[in-house]
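Notes to accompany the following structure.
Here, each number is a calculation from the coordinates, and none is a lab measurement. Here the structure is a predicted model, which is why all the values come from computation and not from measurement. Positions of Cβ are generated from backbone atoms using ideal geometry, with glycine treated the same way; all protein chains shown enter the neighbour counts.
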Amino acid sequence: MTTKPNWRGMTRRQLIARSFAAGTTLIVGAGFVAAPNAAWAYEAAALKPETLATLIRMARDIYPHDHIGDAFYVTAVKGYDTAEAAAEIEAGIAALNAAAQGAGHASYLDAAWEDDRVALLRGMEKSAFFQKIRGGLVTGLYNQKELWPLFGYEGESFSHGGYIDRGFDDIDWL
Amino acid sequence: MVAKFDLNDDSVVLIIGTGAGGGVLANELAQKGVKVVALKAGGRYLPEDYINDEWDAFGQLSWLDARTTSGDWRVAQDFSGLPAWIVKAVGGTTIHWAGASLRFRPHEWKARTTYGHVAGANLLDWPIDAEEMAPWYEKAEAKLGVTRTGNFPGLPGNNNYKVLEKGALALGYKEVSTGRMAINSVENDDRPACQQTGFCFQGCKWGAKWSAAYTDIPKGEATGNLEVRSNAQVLRIEHDEKGRVTGALYADREGNQHFQKARVVCVAGNSIESPRLLLNSASEMFPDGLANSSGQVGRNYMRHVTGSVYGVFEKPVRMWRGTTMAGIVQDEARFDPSRGFVGGYELETLSLGLPFMAAFLDPGGWGRGFTSAMDDYERMAGMWIVGEDMPQETNRITLSSTVKDQYVLPAPNVHFDDHPNDIAMRSHAYRQGEAIYRAAGATRTFPTPPYPSTHNLGTNRMSEHARDGVVNRHGQTHDIPNLFISDGSQFTTGAAENPTLTIVALAIRQADHISAELSRQNL
């Protein structure tokens, strides 16, 4: 996580006090996005905080893992929060919000049911923007080493001498 | 004492590529006292350098130069710029291979005769057969320390294998084992036995798996007859006015160009780069590329009928633990056209780590259908299909008219359309693979599409007659007597067997032929 040191220790009350718009699952403040439980906060560099919040929600809707915290999705998309990428991301999210409004929602984040948001994403599945975000997540999300244990994956074993004495053939239910 | 040869030394045999073909040929010739210069486009990495992390290793070892794709194969859609998953490093794809070492079955040398005419397929019998190859296979198996040959015992089965075995036996399959693997089951060749570490695809950090990188290459160098130049990308093979090749132009790490003279040139750059080099070496005398009077250079590209089946079970499997290719079901490799296709296929366990599973399980997939599968990663078992695909003239390597590589040479385009026989075989294999896992208790199975090709074959094929192919029974080009092909591009047909053992056997045999011809002053 790129959590800035000054966000650490901030209480939920303090976060909310500094925010001007609360999404359904994220707190969007002046220049930052944060978890409602203050577990993490991310200071936006080039993107609008609302855009970043929408991008994080979009990332989770593309690859939803309910046992994986938002922090991993933030890490997966924060690479787009740069001056070079911002224009394309803002345009893509604007298109997503426009599609949401066409479907009767105030915004993408305002569509409360995942099925409704996924329907919006299906509608733009072929777009370069969607494919860029989805393709980037394949490595941006699943190649985070901190995430591997949450799927049971053990990563390298050479430093432990392999599995020759550590259960390479320990299956006991067949 | 590592040799150093002069660029103007025209007595050397020049080998382009250092993998299963080139690396073995280089050592075998050096052992016989032949002076060899071997050029390799990539760098040199040894077990201590290998990285047991899928994406990091992919970045370290893979051939990532510009390539394009076309055709109806799924790889062109999913990985349009990456037709092949092969290695650019000294030792070539023997660093990445899983180690399966299977001989061709006797009928697989004679596909045209056995299968008859197959519409749309450019089938041809090899000009060599099982009997002729048997002694070379024995030498190859001894070199590689193949399990279940000689005195080498089989490897123990890991969790992934045990699931496969349970399901396969329940379905009535008989030929189920931990296979013949070029992975030490006992200490051998000054290399340790397999420690069941996984990451076979990323380079074996123990050196338990045979790779030319740390066996044949250093052994050849130790003779004082072999010089390996790494980071040397060959750009062009030149010839004289008699039409004999004289050496090759290459670029070093800094991009400086050098010309190495040679008495004999052996091309072993894998089935994409080898024909590309012949095509890029076109001249006034050979306007269609070197050794291409048949028009077959680059054609008949084969990649095996592949695909994977993953199954999800109620309880953990942890398939990544231990040998990646830990076992095999061989019953379907038989010739039996009653299944609706000619040729056969092997089913071999395979596992991917979480990062590659995300990329390969269902490329392009997203949403809960995809992520619920990933959530069950720990409870997955996996297998890979290796079947014989049909050679087709139109499946071919050509030079791109638009894309150039970093040396401003035309990049290769890899065109592949599945033959109806390939599709019928893959469908059958998916059904059988899924049935195996269901029989072992799977609650969900996935017919996963092919990965970028690691088995690249056939683009300079061997033929009895010059009109039908590029090289003769010794891998010598029909057109140019001192130009040889030494890699899997020689394959007339692909068989259902992982190709490395056959590439190695052909290289040992070719070394015997070249050194004999050199001493007879025929080359």
- Residue by residue through the range A:122-128, which ³J(HN,Hα) values in whole Hz follow from phi under the Karplus form 6.51 cos²θ - 1.76 cosθ + 1.60 (θ = phi - 60°), with glycine and proline marked x? 4, x, 10, 4, 7, 5, 4
- Rough spin-label spacing in nm, given labels placed 7 Å along Cα→Cβ, for residue A:115 and residue A:67: 2.5
- Most positive-pole-ward Cα, B:340, B:327, B:377, against dipole of the range B:279-382 from beta carbon charges: B:377
- Note on the structure: Expressed in angstrom and rounded, the centroid-to-centroid distance over alpha carbons for the range B:179-198 and the range B:18-88 is 22
- Task: Can you put B:211, A:157 in order of Cβ neighbours within 10 angstrom, beginning with the fewest?
- Result: A:157, B:211
- Message: Sorting check: for B:34-47, B:126-139, which peptide has the highest mean count of neighbouring beta carbons within 10 Å, and how do the rest follow?
- Response: B:34-47, B:126-139
- Message: About the Cα centre, and with charges only on the beta carbon of Lys, Arg (+1) and Asp, Glu (-1), how big is the dipole of the range B:13-519? Nearest 20 debye, please.
- Response: 400
- Message: If I take every Cα pair under 8 Å that is 6 or more residues apart in the range B:225-348, average their sequence separation and divide by the length, what percent do I get for the relative contact order?
- Response: 13
- Provide the packing ranking of A:141-154, A:115-128, B:169-182, i.e. peptides ordered by the mean count of other C-beta atoms within 10 Å per residue, highest first. B:169-182, A:141-154, A:115-128
- Please list, in chain and number order, the residues 5+ apart from residue B:84 or on another chain whose amide H is under 5 Å from its amide H, with Hs placed from the backbone. B:453
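Rounded to two decimals, what is Rg over Rh for chain B when you use alpha-carbon atoms and the Kirkwood radius? Please report the intermediate quantities before stating the final value.
Working: Rg = 21.8 Å, Rh = 22.9 Å.
My calculation of the ratio gives 0.95.
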- In the neighbourhood of residue B:424 defined by beta carbon distances under 14 Å, the net charge of the other residues (Lys, Arg +1; Asp, Glu -1) is -3
- Per residue, the convex hull enclosing the alpha carbons of chain A has a volume in Å³ of 170
- Query: the range B:345-387 to the range A:115-163: how many Å between their Cα centroids?
  - Reply: 13
- Query: Roughly how big is the range A:46-160's charge dipole about its Cα centre, with Cβ charges of +1 (Lys, Arg) and -1 (Asp, Glu), in debye to the nearest 20?
  - Reply: 220
- Query: Projected onto the charge dipole of chain A (+1 at Lys/Arg Cβ, -1 at Asp/Glu Cβ, origin at the Cα centre), which of A:138, A:120, A:28 gives the Cα projection farthest towards the positive end?
  - Reply: A:28
- Task: List the GluC sites (Glu not before Pro) within the range B:300-369 that fall in a DSSP loop (any state other than H, G, I, E or B) and whose Cβ has at most 15 other Cβ atoms within 10 Å.
- Result: B:314
- Message: Compute, for the protein assembly as shown, the length of the dipole vector about the Cα centre, with Cβ point charges of +1 (Lys, Arg) and -1 (Asp, Glu) only. Units Debye, rounded to 20.
- Response: 520
- Normalised alpha carbon radius of gyration of the range B:252-364 [divisor 2.2 N^0.38 Å]: 1.65
- Once phi is turned into θ = phi - 60°, what whole-Hz ³J(HN,Hα) does the Karplus curve with 6.51, -1.76 and 1.60 give for every residue of the range B:455-471, x standing for Gly and Pro? 9, 10, 9, x, 7, 9, 6, 7, 8, 5, 10, 4, 6, 9, x, 9, 10
- Task: Using only Cα positions of the range B:201-241, each an equal point scatterer, no hydration layer, compute I(q)/I(0) via Debye at q = 0.23 Å⁻¹ and quote the log10 values to two decimals.
- Result: -0.89
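Residues with beta-carbon under 11 Å from that of residue B:302, excluding residue B:302: net charge, scoring Lys, Arg +1 and Asp, Glu -1?
Cβ neighbours under 11 Å give a net charge of +1.
Using a 10 Å cut-off on Cβ to Cβ distances, tally the other chain neighbours for every residue of B:159-166 and report the average as a whole number.
Mean inter-chain Cβ contacts per residue within 10 Å come to 3.
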- Task: Using a Gaussian network model of chain A whose springs link C-alpha atoms within less than 10 Å, name the residue from A:91, A:41, A:76 with the highest mean-square fluctuation.
- Result: A:91
- Query: When chain A is treated as a GNM, springs tying every alpha-carbon pair under 10 Å, which of A:79, A:140, A:161 comes out with the largest mean-square fluctuation?
  - Reply: A:161
- Query: What average count of beta carbons from other chains do you get within 10 Å of the Cβ of residues in A:146-159?
  - Reply: 6
- Just add up the charged neighbours of residue B:235: K/R +1, D/E -1, any other residue whose Cβ is under 13 Å from the Cβ of residue B:235. -2
- Item | Ellipticity estimate at 222 nm from DSSP helix runs (n ≥ 4, -39,500 (n - 2.57)) divided over the protein assembly as shown, nearest 500 | -9000 deg cm²/dmol
- Item | chain B, relative contact order in percent, only Cα pairs under 8 angstrom and at least six apart counted | 25
